[in-house]
Amino acid sequence: MRTSRGPWGPGTVTVVASLAMGTSYPGIDPRVSIPAEIAGCFTEGSCVVLPVGNDGYMPANEEPLTIAVGETTVSALLLRPENPWATLVVAHGAGAGMEHPFLQGFASAMADEGVATLRFNFPYREAGRRFPDRPPLAIATWRAVMEAAAGLSDGGPLWASGKSFGGRMASMAVAEGMPAQGLVYLGYPLHAPGKPEKLRDEHLYGITEPMLFLQGSRDTFATPGILEKVVAGIGPTATLHWCEGGDHSFAVKGVKRSAAETGASLAPEVAAFMKASG
């Protein structure tokens, strides 16, 4: 186990490439589609590039996608910088969707670090339901999105990450065999607030991929001493990085910054961990 504490700084965004609705391209997962309004794009290799300056069309920062999960579909957002060295799939937490400013800021800053991101909604969020999906459906969603991400990437490292519930479901999917280069937890929900006796850690000890736990020191979902013990029990593949004074949303008392800035502040540490882990 490695632990560290320290500040982070925000980043910026860049451009993405994607594919047109109802059109097939070599090397692209056929279950992935985007709105028909960009069907006039042209192909270059195995991806579609938005033309610059064609009737005012400029490359968008994010491309909306639709990914099939069994008999349903979920929305996703691809943010791809030029020549990304890795792709990070990002799941939202239980109380907010993929468009939450925290995740937008995080994805933008990861693009600045040279990492493509694919954010997605779980089916319950797509349907407008309040309560999260049960693990079997959430894990199936993770598998479908990771397969789609592999089809959209250039073959580089493919990582899984998530805020709270999303990260926990990613870890359960990997524990059940879902391929991933590694895992990044943006606030792991080790236990419900006030219930440290009921830990959500059993599956973590069998995961051999690199894992980064980014956690606020005031997070009521993870008592510091207990989380440190869990990470130590996982072994050298797990790293714990504390955000001093941060709560479950990484907000720090007395520090005025937006949710987008807070999310962006985590990107340098995540990118450094991904590079160091290969």
Which condition number does A160 fail, the rest of (1) loosely packed, with under 14 Cβ neighbours inside 10 Å; (2) in contact with a strand residue (DSSP E or B) (Cβ under 6 Å, 6 or more places away or on another chain) being met? (1)
For segment 170-187, give me the residue count where each residue is assigned to a helix (DSSP H, G or I) and touching a Gly at 6+ places or on another chain (Cβ under 7 Å). 2
So P236, is it open to solvent by less than 50 Å² (accessible area, probe 1.4 Å) and either of a type in the set (S, T, N, Q) or touching a residue at least 40 places away in the same chain (Cβ under 8 Å) (or both): no
Looking for something among the small types (G, A, S), open to solvent by 10 Å² or more (accessible area, probe 1.4 Å) and in contact (Cβ under 8 Å) with a residue 40 or more places away in the chain - is there at least one such residue anywhere in segment 107-123? yes
With the requirement that a residue be open to solvent by less than 20 Å² (accessible area, probe 1.4 Å), over 21 Å from G278 (Cβ atoms) and out of contact with any helix residue (DSSP H, G or I) (no Cβ under 7 Å at 6 or more places or on another chain), what does segment 168-188 give you? G187
Go through segment 204-223 and report how many residues are outside any loop (DSSP other than H, G, I, E, B) and farther than 15 Å from L186 by Cα. 3
First in segment 86-105 and more than 29 Å from G278 (Cα to Cα) and free of Cβ contacts under 8 Å to residues at least 60 places away in the same chain, second anywhere and assigned to a helix (DSSP H, G or I) and open to solvent by less than 30 Å² (accessible area, probe 1.4 Å), Cβ under 6 Å, 6 or more apart: none
So which of E71, E82, E44, E37 is farther than 28 Å from G182 by Cβ, out of contact with any strand residue (DSSP E or B) (no Cβ under 6 Å at 6 or more places or on another chain) and at pLDDT 50 or above? E71
Give D219, D247 a once-over and let me know the one that is closer than 24 Å to R119 by Cα and in contact with a Cys (Cβ under 9 Å, 6 or more places away or on another chain). D219
In segment 189-216, anything open to solvent by 30 Å² or more (accessible area, probe 1.4 Å) and among the polar types (S, T, N, Q) is listed as T208
Do you know which of the residues in segment 80-97 that are within 11 Å of the chain's Cα centre (by Cα) and in a strand (DSSP E or B) is farthest from R119 (Cα to Cα)? T87
Could we say that L190 is in a strand (DSSP E or B), in contact with an Asp or Glu (Cβ under 8 Å, 6 or more places away or on another chain) and either at pLDDT below 95 or over 20 Å from F131 (Cβ atoms) (or both) here? no
Can you find a residue in segment 135-149 that is crowded, with 23+ Cβ neighbours inside 10 Å, part of a loop (DSSP other than H, G, I, E, B) and modelled with pLDDT of 95 or more? no
Here are A271, A259, A264: which of them is over 19 Å from V174 (Cα atoms), under 18 Å from the mean Cα position of the chain (by Cα) and open to solvent by 10 Å² or more (accessible area, probe 1.4 Å)? A259
Quick one: would you say A91 is in contact with a Gly (Cβ under 7 Å, 6 or more places away or on another chain), at pLDDT 95 or above and open to solvent by less than 50 Å² (accessible area, probe 1.4 Å)? yes
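The values are calculated or read from the model by the stated rules, or taken from the named source; none is laboratory data. Here the structure is a predicted model, which means the values were calculated and not measured. Quick reminder, even Gly has a Cβ in these numbers, built from the backbone with ideal geometry, and neighbours come from all protein chains shown. Heads up: the accessible areas ignore ligands, DNA and RNA and are worked out on the full protein's heavy atoms, side chains in. Shrake-Rupley method; radii C 1.70, N 1.55, O 1.52, S 1.80 Å.
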